[in-house]
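**Q** One structure coming up, written as structure tokens, with questions to follow.
The values are calculated or read from the model by the stated rules, or taken from the named source; none is laboratory data. Being a predicted model, the structure only gives us computed values, none of them experimental. FYI the Cβ positions are ideal-geometry reconstructions off the backbone, even for glycines, and counts take in every protein chain you see.
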Amino acid sequence: MLTYSISIGCVLWRRIHHPSTLPPARWSLGRFGLPVNVVGVIYSTWAFFWSFWPSYYPVYLDNFNWSSVMFGGVTLISIFIYWTSGRHVYEGPAVLVEGRRKAEQAGERRWS
């Protein structure tokens, strides 16, 4: 849910503040696109918040919600892997968008 919140939130911010920098879309929701993205960010943030709460009270070791511990552990491992090797090999989606723009300027039509 956090990745949905971040990705939809970044597109939403870009759509509101810098719409000319977004690449052309294959299809659009038209005027409903902005409200759908707002609802998507609100829902995914809300679901992410509630995913760490315990199912039962009082909380003991056998009914503890371990998702917060797992999320934190995976986050720390991911950050470590990114800083040790990932940042040296990851190019990111901006490289693909720039490649698509260059191909369109050259007259090629690519849908990758």
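**Q** In the range 57-81, how many residues are assigned to a helix (DSSP H, G or I) and either exposed (fewer than 11 other Cβ atoms within 10 Å of the Cβ) or not β-branched (Val, Ile, Thr) (or both)?
**A** Residues flagged as assigned to a helix (DSSP H, G or I) and either exposed (fewer than 11 other Cβ atoms within 10 Å of the Cβ) or not β-branched (Val, Ile, Thr) (or both) within the range 57-81 amount to 14.
**Q** Against the conditions (1) of a type outside the set (Ser, Thr, Tyr); (2) modelled with pLDDT of 90 or more; (3) under 17 Å from the mean Cα position of the chain (by Cα), where does LEU76 fall short? Just the number, please.
**A** (3)
**Q** Give me the pairs: first residue in the range 61-79 and in the same structural domain as MET1 (by TED's automatic domain parsing), second residue aliphatic (A, V, I, L, M) and surrounded by 11 or more Cβ atoms within 10 Å (Cβ to Cβ), beta-carbon distance under 6 Å, and six or more apart or on different chains, which are they?
**A** Note: no pairs meet the criteria.
**Q** Please count how many residues of the range 1-30 are part of a helix (DSSP H, G or I), surrounded by 10 or more Cβ atoms within 10 Å (Cβ to Cβ) and not polar (S, T, N, Q).
**A** Qualifying residue count for the region: 12.
Quick grid of which residues meet (1) in a helix (DSSP H, G or I); (2) modelled with pLDDT under 85:
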{"residue": "ILE42", "(1), (2)": "yes, no"}
{"residue": "THR45", "(1), (2)": "yes, no"}
{"residue": "PHE48", "(1), (2)": "yes, no"}
{"residue": "SER55", "(1), (2)": "no, yes"}
{"residue": "TRP83", "(1), (2)": "yes, no"}
{"residue": "HIS88", "(1), (2)": "yes, yes"}
{"residue": "GLY99", "(1), (2)": "yes, yes"}
{"residue": "SER112", "(1), (2)": "no, yes"}
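**Q** Can you find even one residue in the range 5-20 that is touching a Gly at 6+ places or on another chain (Cβ under 8 Å), closer than 18 Å to PRO93 by Cβ and of a type in the set (Ser, Thr, Tyr)?
**A** no
**Q** Filter the range 37-87 down to the residues that are closer than 23 Å to ILE8 by Cβ and of a type in the set (Lys, Arg) and list them by number.
**A** Those that are closer than 23 Å to ILE8 by Cβ and of a type in the set (Lys, Arg): none in the range 37-87.
**Q** Looking at this structure, is GLY33 surrounded by 12 or more Cβ atoms within 10 Å (Cβ to Cβ), touching a Lys or Arg at 6+ places or on another chain (Cβ under 9 Å), free of Cβ contacts under 8 Å to residues at least 60 places away in the same chain and not assigned by TED's automatic domain parsing to the domain that holds PRO93?
**A** Judged against the criteria, GLY33 is a match.
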